[in-house]
Amino acid sequence: MEKTTESDSYYNNLESMSVDELLRHMNKEDKTVPHAIEKVIPAIEALVNVITGKMKNGGRLFYLGAGTSGRLGIVDASECPPTYGIEHGRVIGLIAGGDAAMRKAVEFAEDDLNQGWEDLKEHKIGENDFVIGIAASGSTPYVVGALEHCNKNNIVTGCITCNNGSAVAKAAKYPIEVVVGPEFVTGSTRMKSGTAQKLVLNMISTSVMIKLGRVKGNKMVDMQLSNNKLVDRGTKMLMKNTGIENYETAKELLLKHGSVRKATESYKK
């Protein structure tokens, strides 16, 4: 029988291990995650292609989860506007229990089959949008119920889970099942499962943003200039793009137009 995220750990008597042993065993387990993801790249590709099409037509991408899974979705969604300059509200992360659950667990919030759909309705979810349910075990009612409601309303769905044959995967039209096996600490899915979810989210959002034209070459030409480090990075990118040799001149042009892309286009006209 295939091992699941809830199966007993391959390791025991953890409290008797030295710190070196603990770290090396955790690292050994973590190394298995990219190989598990590699097996499902075709499923990720299919999902990315559909999301890209939806977003090119003005649709939005929603991440929906509970606990660690929900937090990871919110982190990925929140990084899209500053990194790629996409409008706020185009990639949205929702977590069972609301924003308060980002910092502190909200008891039993994930157990409501209808609340996920209610949270989506607050954003006027529609057929042009795409919803990804994130659940390590694949059984979270908050996520399962939301995906089932989406299916009834012709809203295309996907999921990221770490077990095979789960309720979440059955409810999703584009399931991604990254089977990572038992956690180092039995059932602690913030570990390998959380790492797998984070990596897959990175792959999805980065690929979608590239296909939406938010990257030029390999540069984040639409990034928000929200701190001195990013202004400096943007200035150097602009100098390379345009051939401007004076740093202050390039910086002034960058700040005037607000992004590397706009400043480059202005200079070349």
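Does K219 satisfy being under 24 Å from L61 (Cα atoms) and outside the structural domain of K56 (by TED's automatic domain parsing)?
It is true that K219 is under 24 Å from L61 (Cα atoms) and outside the structural domain of K56 (by TED's automatic domain parsing).
Every residue, every condition in (1) surrounded by 16 or more Cβ atoms within 10 Å (Cβ to Cβ); (2) out of contact with any Leu (no Cβ under 7 Å at 6 or more places or on another chain); (3) part of a loop (DSSP other than H, G, I, E, B), yes or no:
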| site | (1), (2), (3) |
| --- | --- |
| G181 | yes, yes, yes |
| N202 | no, yes, no |
| S205 | yes, yes, no |
| V221 | yes, yes, yes |
| D232 | no, yes, no |
| T235 | yes, no, no |
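Could we say that T140 is crowded, with 17+ Cβ neighbours inside 10 Å and within 20 Å of M203 (Cβ to Cβ) here?
Considered against the rule, which asks whether it is crowded, with 17+ Cβ neighbours inside 10 Å and within 20 Å of M203 (Cβ to Cβ), T140 comes out as no.
Filter the range 106-124 for residues that are surrounded by 14 or more Cβ atoms within 10 Å (Cβ to Cβ) and either out of contact with any strand residue (DSSP E or B) (no Cβ under 7 Å at 6 or more places or on another chain) or without any contact (Cβ under 8 Å) to a residue 12 or more places away in the chain (or both) and give the result. If you could, list the steps in order and put the result at the bottom.
Looking only at the range 106-124, we keep the residues that are surrounded by 14 or more Cβ atoms within 10 Å (Cβ to Cβ), and these are 106, 109-110, 112-113, 115-117, 119-120.
V106, A109, E110, D112, L113, Q115, W117, listed by residue number.
Residues to consider are L61, L72; find the one that is modelled with pLDDT of 95 or more, among the aliphatic types (A, V, I, L, M), crowded, with 18+ Cβ neighbours inside 10 Å and more than 20 Å from C150 (Cα to Cα). Explain how you work it out, then say what you get.
On the way: L61 fails: more than 20 Å from C150 (Cα to Cα).
L72 is the lone residue from the list that is modelled with pLDDT of 95 or more, among the aliphatic types (A, V, I, L, M), crowded, with 18+ Cβ neighbours inside 10 Å and more than 20 Å from C150 (Cα to Cα).
The values are calculated or read from the model by the stated rules, or taken from the named source; none is laboratory data. These figures come from a predicted structure and were not determined experimentally. Backbone-built Cβ (ideal geometry, glycine too); neighbour counts: all protein chains shown.
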